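First the structure, in the form of structure tokens, and then the observations on it.
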Amino acid sequence: MKATAIAPANIAFIKYWGKKDETWRLPVNNSISMNLSNLTTTTTVEFAEKYAEDIVIIDGFLSLADSSNQMRERIVTHLNQVRELAGIDLPAKVVSQNSFPMETGLSSSASGFAALTVAAVKAAGLSLSKKELSILARLGSGSACRSIPDGFVEWHTGETSEDSYAESLYPPEHWQLIDLVAILSVKRKQISSTQGQRLAETSAFFNTRLERIEEKISQLKIYLKERNFPGFGELIEAEALELHAVMMTSRPPLLYWYPETVALMQAARSWREAGLPVYFTVNTGHNVHLICEKKDVDSLEEKVKKLDFVRQYIINQPAKGARTVKQHLF
Ligand code: DP6
């Protein structure tokens, strides 16, 4: 009863921010994302009598079973869902390895819960459809449901748990987009997405956002279909700024950006004015995703390398969704 899965993080072009049902993680709006080839989590799960209790090891660190450890709690709750579905009562050992720094706005909860879902389901001897896996991953972290299907993905908000899941809009080959993730600091954010989203409705701009979101989604889908990069880029950049406008006007306000975040946004705009088509997007955190087409990635990389405040960068292509692999981590 042991299995391993790898799952990509994803970058949302239309963001998920605000839940209409917190327990079931039902979002207020649909969201659209792309899976990222080089931001991944690999997770091995084994259910066995020999473990006295659930053991959770993330990036080499053992998560202790004290009440202050929220991530361990979320993982154990998720394992309980799988145990219930499979009708088993065995403790589990979970070992998880991220290819990138956690909790810095790079969606480690998306790749983490997608990999955990696929590995735990297989280890428990269940066989679920992609839709069922997406629903289950969503219960761990909303954005994780988008890391199950391949390539470019839409999450349908749904009215109940059974119809809130993500589906592939296009396979990874549809468009050679690049997401250069610039890591400006590996400091963990102080307010998680789950906590931050609880404040969404306190922003005076939240309803205005929702009034216009469907039109925005339809427009984005057209740009995506036609591979219209300038239209696409303008829209996703405005969407990221709108998300942060809602965050900054929540009560209490959320300000995730660092001076370096703004500096890189300004740099991207100046590169664009000088003829390099590149746009930015930012999630809950300070690190910046720079989006360009593959033909421009070398020029972009050259520019990013010259910025001394960029500590590290990771170049991603569109990727397949979560899948099992043969090699276990323990
Ligand atoms: C800004 O999926 O991390 O990255 O469901 O509470 O775990 P929970 O939230 P999470 O929120 C992601 C927020 C976002 C936008 C997005 O990825 O769509």
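The values are calculated or read from the model by the stated rules, or taken from the named source; none is laboratory data. This structure is a prediction, so every number in the text was calculated from the model and none was measured. Cβ sites come from the backbone with ideal geometry, for glycine too, and all protein chains shown count toward neighbours.
Key figures for this structure:
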read-out: Filtered residues of the range 246-258 (kept if part of a helix (DSSP H, G or I) and either away from the ligand (no atom under 13 Å from the Cβ) or of a type in the set (Ser, Thr, Tyr) (or both)); value: Met248
read-out: Selection status of Phe47, buried (at least 19 other Cβ atoms within 10 Å of the Cβ) and under 23 Å from Leu128 (Cα atoms); value: yes
read-out: Subset of the range 195-225 [within 16 Å of the ligand (Cβ to nearest atom) and small (Gly, Ala, Ser)]; value: Gly196, Ala200, Ser203
read-out: Selection from the range 259-299 of residues that are surrounded by fewer than 19 Cβ atoms within 10 Å (Cβ to Cβ), part of a helix (DSSP H, G or I) and among the small types (Gly, Ala, Ser); value: Ala263, Ser270, Ser299
read-out: Qualifying residue in the range 222-236 (condition: assigned to a loop (DSSP other than H, G, I, E, B) and among the polar types (S, T, N, Q)); value: yes
read-out: Count of the range 195-212 residues which are buried (at least 19 other Cβ atoms within 10 Å of the Cβ) and closer than 27 Å to Val278 by Cα; value: 1
read-out: Condition check for Ser96: in contact with a Ser or Thr (Cβ under 6 Å, 6 or more places away or on another chain), modelled with pLDDT of 95 or more, within 13 Å of the ligand (Cβ to nearest atom) and among the polar types (S, T, N, Q); value: no
read-out: Ile222, sole failed condition from (1) buried (at least 19 other Cβ atoms within 10 Å of the Cβ); (2) farther than 23 Å from Ala110 by Cβ; value: (1)
read-out: Unique match (being surrounded by fewer than 24 Cβ atoms within 10 Å (Cβ to Cβ) and within 14 Å of the ligand (Cβ to nearest atom)) among Leu139, Leu116; value: Leu139
read-out: Pair list, Cβ under 7 Å, 6 or more apart: the range 189-215 residue on the phi < 0 side of the Ramachandran plot, other residue outside any loop (DSSP other than H, G, I, E, B) and of a type in the set (D, E, K, R); value: Gln197/Lys19; Arg209/Glu242
read-out: Subset of the range 72-93 [at pLDDT below 95 and crowded, with 17+ Cβ neighbours inside 10 Å]; value: Arg72, Arg74
read-out: When residues of the range 14-37 are limited to those that are surrounded by 24 or more Cβ atoms within 10 Å (Cβ to Cβ) and of a type in the set (Phe, Trp, Tyr), the one farthest from the ligand (Cβ to nearest atom); value: Trp17
read-out: Failed criterion for Asp150 (all others in (1) closer than 25 Å to Tyr313 by Cβ; (2) within 16 Å of the ligand (Cβ to nearest atom); (3) surrounded by fewer than 24 Cβ atoms within 10 Å (Cβ to Cβ) hold); value: (2)
read-out: Condition check for Thr4: among the β-branched types (Val, Ile, Thr), touching a residue at least 40 places away in the same chain (Cβ under 8 Å) and closer than 25 Å to Pro149 by Cβ; value: yes
read-out: Matching strands (runs of 3 or more DSSP E) fully within the range 22-66 where at least 1 residues are β-branched (Val, Ile, Thr) and under 22 Å from the mean Cα position of the chain (by Cα); value: 31-47, 55-58
read-out: All positions within the range 153-194 that are more than 14 Å from the ligand (Cβ to nearest atom) and either touching a Pro at 6+ places or on another chain (Cβ under 6 Å) or in a strand (DSSP E or B) (or both); value: Glu167, Ser168, Leu169, Tyr170, Pro172, Leu177, Ile178, Leu180, Ala182, Ile183, Val186
